[in-house]
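Accompanying notes for the structure given below.
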Amino acid sequence: MNRLKLAGITICLSLIIHHSLVAQQRPSFHFTTTKNWINDPNGLVYSNGEYHLFYQYNPFGIGWGHMSWAHAVSKDLVLWEHLPVAIMEDTVMIFSGSCVVDKNNTSGLFKKEGDQNLVAIYTAQHTNKETQAIAYSEDFGRTFTKYSGNPVLDLNKKDFRDPKVFWYEKQKKWIMVVSLPTEFQVRFYGSANLMKWNLLGEFGNQGNIDKIWECPDLFELPIIGEPGKTKWVLLISGAHPKKDFVGMQYYIGNFDGNAFTNDNLANEVLWLDYGKDFYAAVTYNNISASDGRRIAIGWMNNWAYAGNIPATEWRGSMNFPRELTLKKFHDGYRLIQQPVAEIKKHRKEEIHMQDIDFPGANATLVTTWISDNSYELEIKIALNNAEDVSLQILKGKQCFTSVGYNKKDARMYVDRQMSGNTSFSPHFASLDKAQLKCINGVVTLHILVDKTLVEVFGNDGIAVISSQVFPNEENLGIQLFSKGGEARIISFNGWKIE
Ligand code: FRU
């Protein structure tokens, strides 16, 4: 039996910052637009065999502005068809929000009942206030009409935005969770018809309040291994574990149709992603119409540098869609995040290695296998005597992105300090770490690499780091390192993703 051994080595790297300007590379299995600026995913809804992805879009340029809802649809969350802009700014900008299928025509806005009836609930951004408004579509989201009675909710507040609406079957009513960003609060409203909303409850000033609260989402999840038991999860976009950035936190508790109660102590903070590039993520409505999964998409960027990332024609990407599940650990219930299974259908040219002798400590591994940087890796590592094991990906002459695990730290990490072009923002070069326990000395890293996007899921998704990088296109190297002792790769699976 071949055994993969890595002798302990120390790697010496010349810290030359790479300033070269590279041509813009388009990720192949992550969503991007073909032209202009994008930010938050909006109106995620499944209907009639299609996953809709609306998103914050500037129809006129590569920087933020003129916010409108652009639109794409997919049958498998991987291949997207771009459609015309769905809701254009007029005297107000169209900020983030959600979409529901008003199958039973509760709003009375439609001629008939059915799956074609979509209602978008969005924030209208006026010069001095934000209100909630609706628009409706009778053609599966291809065209929308703004409701003549807008706004449907107006508190006369400057910051009041990002309504997430869903159907609450137990009390047969619509629920809206919407944010008062500067008050670190979300409010819950109820409605029978999507037009008239009553205040039900509020939640706030818990967890982290270092930054404004935006883009809330609220949903119920079954608990893995506890049949019949569920918990409610509240997502908030706002602060990040590192202070200059934005990120996402979540709360676990209960929702009784009026208010959310947090199971954890008010000062406990649960982060979703320890990378810099996962923000404004919300989940799909109406997937119960298919398989009932809870699927989230985030904007793979960070307001700290989003306006500066290298771009010529288009700017910004979405994270690969993730399935969210809940599991109990010794310290409580935690979200598990995993790339949606649909990725498997796009896997090509598998490479599989197991218990093989690795020829040398820093020998190049499988560089000949890839022809471009859109691939998926699943690596199971027994740390043995090693202190640190890492994989340098997107590796060229003087650049690489390091994805690894440090035993003493008990953390997995993504280091993009040498990843290529980092000079466009002082905030970009970074080393991001996420706590992750070895299980019997073994760590699993599931890595999605797509040209300029890297997402790492540790131990089946208990910790995640999402990171943009800007290497040269020809940086195709993958190299494995161990420090301080020998490690063993139990298995190394790789696939090109088409
Ligand atoms: C979050 C956000 C939302 C807002 C939108 C505007 O990234 O600030 O709160 O609706 O972006 O584009």
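The values are calculated or read from the model by the stated rules, or taken from the named source; none is laboratory data. Nothing here was measured: the structure is a model prediction, and the numbers come from that model. Quick reminder, even Gly has a Cβ in these numbers, built from the backbone with ideal geometry, and neighbours come from all protein chains shown.
For beta carbons closer than 8 Å, sequence separation of 6+ or different chains, a first residue in the stretch 456-471 that is without any contact (Cβ under 8 Å) to a residue 40 or more places away in the chain and a second that is assigned to a strand (DSSP E or B), the qualifying pairs are Asn459/Ile439; Asn459/Val443; Asn459/Thr444. Checking each residue in the stretch 119-142 for being of a type in the set (Asp, Glu) and crowded, with 24+ Cβ neighbours inside 10 Å picks out only Glu130.
Applying a threshold of 9 Å to beta carbon distances and a minimum spacing of six or more residues, or different chains, the list of pairs starting in the stretch 96-116 at a residue that is farther than 19 Å from Gly149 by Cα and ending at one that is among the hydroxyl-bearing types (Ser, Thr, Tyr) and away from the ligand (no atom under 16 Å from the Cβ) reads Val101/Tyr46; Val101/Ser47; Lys103/Ser47; Asp115/Ser47; Gln116/Ser47; Gln116/Ser137. Scanning the stretch 200-221 for residues that are assigned to a strand (DSSP E or B), in contact with a Gly (Cβ under 8 Å, 6 or more places away or on another chain) and under 22 Å from Asn258 (Cβ atoms) turns up just one, Leu200.
As for the stretch 164-179, it holds at least one residue that is more than 18 Å from Asn205 (Cα to Cα), within 14 Å of the ligand (Cβ to nearest atom) and buried (at least 16 other Cβ atoms within 10 Å of the Cβ). The criterion of being crowded, with 22+ Cβ neighbours inside 10 Å and away from the ligand (no atom under 14 Å from the Cβ) does not hold for Trp213.
Conditions (1) under 18 Å from Ser179 (Cα atoms); (2) within 14 Å of the chain's Cα centre (by Cα); (3) outside the structural domain of Asn205 (by TED's automatic domain parsing); (4) not basic (Lys, Arg), marked per residue:
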position: Ala259; (1), (2), (3), (4): yes, no, no, yes
position: Val269; (1), (2), (3), (4): no, no, no, yes
position: Ala280; (1), (2), (3), (4): yes, yes, no, yes
position: Thr283; (1), (2), (3), (4): yes, yes, no, yes
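The number of residues in the stretch 187-200 that are surrounded by 17 or more Cβ atoms within 10 Å (Cβ to Cβ) and without any contact (Cβ under 8 Å) to a residue 60 or more places away in the chain comes to 4. Of all residue pairs spaced 6 or more apart or on separate chains, those with beta-carbon atoms under 8 Å, a first member in the stretch 326-340 that is on the phi > 0 side of the Ramachandran plot and a second member that is in a strand (DSSP E or B) are Gly332/Ile252.
Every residue, every condition in (1) surrounded by fewer than 21 Cβ atoms within 10 Å (Cβ to Cβ); (2) at pLDDT below 95; (3) part of a loop (DSSP other than H, G, I, E, B), yes or no:
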residue	(1), (2), (3)
Ala7	yes, yes, yes
Ile11	yes, yes, yes
His30	no, no, yes
Leu44	no, no, no
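Scanning the stretch 392-422 for residues that are under 16 Å from Asn301 (Cα atoms) and touching a residue at least 60 places away in the same chain (Cβ under 8 Å) yields Val414, Asn421, Thr422. Taken together, the residues in the stretch 288-325 that are part of a strand (DSSP E or B) and either at positive phi or out of contact with any helix residue (DSSP H, G or I) (no Cβ under 7 Å at 6 or more places or on another chain) (or both) amount to 12.
Residues in the stretch 371-412 that are hydrophobic (A, V, I, L, M, F, W, C) and surrounded by fewer than 23 Cβ atoms within 10 Å (Cβ to Cβ): Leu377, Ile379, Ala382, Leu383, Ala410. Once the stretch 143-163 is narrowed to residues that are within 16 Å of the ligand (Cβ to nearest atom) and surrounded by 18 or more Cβ atoms within 10 Å (Cβ to Cβ), the residue that is farthest from Val119 (Cα to Cα) is Phe160. Quick check on Asp355: is it at negative phi and charged (D, E, K, R)? Criteria not met by Asp355.
Screening the stretch 264-290 for residues that are among the charged types (D, E, K, R) and closer than 19 Å to Leu218 by Cα and picking the one that is surrounded by the fewest Cβ atoms within 10 Å (Cβ to Cβ) gives Glu268. Does the stretch 99-118 contain any residue that is surrounded by 16 or more Cβ atoms within 10 Å (Cβ to Cβ) and within 19 Å of Asp159 (Cβ to Cβ)? The answer is no; no qualifying residue exists.
So, in the stretch 266-320, of the ones that are at pLDDT below 95 and among the aliphatic types (A, V, I, L, M), which residue ends up farthest from the ligand (Cβ to nearest atom)? Restricting to residues being at pLDDT below 95 and among the aliphatic types (A, V, I, L, M), the top hit is Ala289.
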